[in-house]
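Structure, as structure tokens:
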Amino acid sequence: MKLISWNVNGLRAVVAKEGFAWLDEVRPDFLGLQEIKVKEDDVPKEIYNLGFKDISVNSGARAGYSGVMSLAKFDVQTQKAAFFDDREGRVLEHRFGDIVLFNIYFPNGQKDDERLAYKMDFYEKFLAYCKELVKSGKEVIFCGDVNTAHREIDLKNPKANAKTSGFLPIERAWIDEVLKSGFIDTFRAVNGDIADAYSWWSYRFNARAKNVGWRIDYFFISQGLKDRLKDAFILPEITGSDHCPVGIEIEI
């Protein structure tokens, strides 16, 4: 099964650019989109012609902000955030078999200290929820824009960004805790310490062409899925957003 995550930074803009043409070649079984910035009633009709069986949307209360959408070629039971007051439309939780699959647009903490605190609270509550799921016998996969680069290798200019939200010690320590809790960063598990592998680039200073980026989009899996993981990858050649898709292949 091939699972893909992509922060589209505006669904309508990507559709207008024919930004999903790559699906014919990549053929994902699941596509999790973040930052769709549309209400469910305003989703472009082209989305419903992409060949997916199940489509779900969680839009934020604020127009033109946040929102996630999941597209699956298999049956899933879906709910919104069960661990957080999700007024911003950040979470879709899908269950099938013994798997719980999350598509999440994690908060960005760069605006101010209040938003950083909001982000860290979200992080804490989400990880606690995942640990309880695993304890209950479920296997967990979570993907999306985590909005934090874990290690210095995960961004081009770590020293210059040492005091920037997205690379703060407390944010990076949360990913440490995710790993200590038994979850696996699939890209690193498959690709090791490969450098210059990024999933987001600023629109400024021609950053993407220069590959001055950050790896802030992830797939994590619970320990029980380790032997089922077959591949993990980033697709930087796919444009249309300031992020590119990331994905895994896994036996489920």
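The values are calculated or read from the model by the stated rules, or taken from the named source; none is laboratory data. What you are looking at is a predicted structure, and each value in this text was computed from that prediction instead of being measured. Please note: Cβ atoms are built from the backbone with ideal geometry, for glycine as well, and neighbour counts cover all protein chains shown. Protein only, heavy atoms only, side chains kept; ligands, DNA and RNA dropped before computing areas. Shrake-Rupley method; radii C 1.70, N 1.55, O 1.52, S 1.80 Å.
Structure values in brief
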{"item": "Count of residues meeting criterion [surrounded by 17 or more Cβ atoms within 10 Å (Cβ to Cβ) and without any contact (Cβ under 8 Å) to a residue 60 or more places away in the chain] in segment 53-72", "result": "11"}
{"item": "Residue check, residue 55 among the aliphatic types (A, V, I, L, M), closer than 21 Å to residue 74 by Cβ and either within 17 Å of the chain's Cα centre (by Cα) or part of a strand (DSSP E or B) (or both)", "result": "yes"}
{"item": "Qualifying residue in segment 116-136 (condition: in a strand (DSSP E or B), β-branched (Val, Ile, Thr) and either open to solvent by 20 Å² or more (accessible area, probe 1.4 Å) or modelled with pLDDT of 95 or more (or both))", "result": "no"}
{"item": "Residues within segment 165-179 that are under 20 Å from the mean Cα position of the chain (by Cα) and either open to solvent by 40 Å² or more (accessible area, probe 1.4 Å) or modelled with pLDDT under 95 (or both), tallied", "result": "6"}
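Residue by residue, here is whether (1) among the charged types (D, E, K, R); (2) assigned to a helix (DSSP H, G or I); (3) in contact with a Ser or Thr (Cβ under 8 Å, 6 or more places away or on another chain); (4) within 26 Å of residue 101 (Cα to Cα) holds:
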site: 172; (1), (2), (3), (4): yes, yes, yes, yes
site: 175; (1), (2), (3), (4): no, yes, yes, yes
site: 178; (1), (2), (3), (4): no, yes, no, yes
site: 182; (1), (2), (3), (4): no, no, yes, yes
site: 187; (1), (2), (3), (4): no, yes, no, yes
site: 196; (1), (2), (3), (4): yes, no, no, no
site: 209; (1), (2), (3), (4): no, yes, no, no
site: 218; (1), (2), (3), (4): no, no, yes, yes
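Residue by residue, here is whether (1) of a type outside the set (A, V, I, L, M, F, W, C); (2) more than 30 Å from residue 240 (Cβ to Cβ) holds:
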site	(1), (2)
118	yes, no
128	no, yes
173	no, yes
187	no, no
